[in-house]
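First the structure, in the form of structure tokens, and then the observations on it.
The values are calculated or read from the model by the stated rules, or taken from the named source; none is laboratory data. Note that the structure is predicted; figures quoted are calculated from it, not measured. Cβ placement follows ideal geometry from the backbone for every residue including glycine, while neighbour counts extend to all protein chains displayed. When the accessible area is computed, the model is the full protein with side chains, heavy atoms only, and any ligands, DNA or RNA have been set aside. Shrake-Rupley method; radii C 1.70, N 1.55, O 1.52, S 1.80 Å.
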Amino acid sequence: MTAPVRDEIAQRFGARINGLQWQGEGYDGTKTYHSTDIVCVPDLFTTRK
């Protein structure tokens, strides 16, 4: 992430957020690389169209 970080939030919740991160292998069509991701799901009860 390249956005600014609020130190008081990072100190309090950083370890928890890191634990929620998905970690695995990504593939770009030619090579495999380490990848991490967090997905935002705004509303679990909204149906997809």
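Points worth noting:
- Protein accessible area in the chain, 1.4 Å probe - carbon and sulfur %: 54 percent
- Paired Rg and Dmax values of the chain, which use every Cα atom, in angstrom: 15.1, 41
- Excluding ligands, DNA and RNA, the accessible surface per residue across the chain is 106 Å² with a 1.4 Å probe.
- Under the simplified labelling scheme, the Asp7-Lys31 pair shows an inter-label distance of 3.7 nm, with each label point 7 Å from Cα along Cα→Cβ.
- Net +/- balance of residues flanking Glu25 in space, Cβ distance below 13 Å, scoring K and R +1, D and E -1: -1
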